[in-house]
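A short write-up of the structure that comes next.
The values are calculated or read from the model by the stated rules, or taken from the named source; none is laboratory data. The structure displayed is predicted, hence computed values, not measured ones. With ideal geometry, Cβ positions are generated from the backbone for all residues, glycine too; neighbour counts draw on all protein chains shown. The protein model used for the area step is the full one, side chains on, heavy atoms only, and it has no ligands, DNA or RNA in it. Shrake-Rupley method; radii C 1.70, N 1.55, O 1.52, S 1.80 Å.
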Amino acid sequence: MAHKKIVVLVSGGGTNLQALIDAQGRGELGGGEITCVISSKAGVFALERAEKANISTRVIARKDYPDTAAYSAAMLDAFREEQADLIVQAGFMTILDETICRAYPNQMMNVHPALIPSFCGKGYYGLHVHEAALKKGVKVTGATVHFVTEICDGGPIILQKAVAIEQGDTPEILQKRVMEQAEWHILPEAVRLFCEDKLSVKDDIVSIAQ
């Protein structure tokens, strides 16, 4: 089984990146290695996390490009230069166009802080997701790791984990619980399964080999 190169995309604090770095440190990424962290903004804390872990970093700032197509082309060049086997969006808040997921079919994953198909799609990101869940009064939420396709949050689901909503929750409290109880567990696990060649996709359904 070939050693897989993982490129992680970030836009902010990098808590999910840290979960991946920690899992890598424990030897839990199935032989995969985070070889590069790319941020859509300069000066974010995620870059410091990568540097501390001796992982190379790049800043490809969205504001430096006129449109999504130009930005996506620059990203695609970077992925090819880094020889990425897997691309992980870990709190990456910038839109890439369909050229990327076409170039990397079922090789790009994202973590979303809800149980897809609930509270997902356009406009559902960050605290907005948790605000919507609380407003709807659902009793259970969670997180989903899915492959990235042209449809926002619509790609094949790899792993999901449920998290209980408790009385008195604010969006901030719920966001923290979903990260701690779900996102930080299922994202490294999905990466491990990918790196161990245990994921296969047929008719938009992900099967996990035992």
Original post:
Between Met93 and Val138, what is the FRET efficiency for a Förster distance of 30 Å, r being their Cβ-Cβ separation, to the nearest 0.05?
Top reply: 0.80
Subject >> Dipole magnitude of the chain, debye to nearest 20 (Cβ charges: Lys/Arg +1, Asp/Glu -1, about Cα centre) >> reply: 260
Subject >> Computed lengthening from Tyr65 to Lys122, 0.36 nm per intervening residue step minus Cα-Cα distance >> reply: 18.3 nm
Original post:
Using Cα pairs under 8 angstrom and six or more residues apart, how large is the relative contact order of segment 55-210, in percent?
Top reply: 18
**OP:** Mark the label point 7 Å from the Cα of Ile173 along Cα→Cβ and return the residues of segment 128-142 whose backbone N is within less than 11 Å of it.
**Re:** none
Original post:
What whole-number value in Å² describes the accessible area per residue of the chain for a 1.4 Å probe?
Top reply: 49
Original post:
Based on the Cβ-Cβ distance of Gln83 and Gln160, what FRET efficiency does E = 1/(1 + (r/R0)^6) give at R0 = 35 Å, to the nearest 0.05?
Top reply: 0.70
Original post:
Rounded to the nearest 0.05, what FRET efficiency is calculated for His3 and Phe45 with R0 set to 25 Å and r the Cβ-Cβ distance?
Top reply: 0.30
**OP:** Mind ranking 197-209, 16-28 by how tightly packed they are, going by the mean number of other C-beta atoms within 10 angstrom, highest first?
**Re:** 16-28, 197-209
**OP:** Let me have the relative contact order for segment 1-129, percent, based on Cα pairs under 8 Å that are six or more residues apart.
**Re:** 28
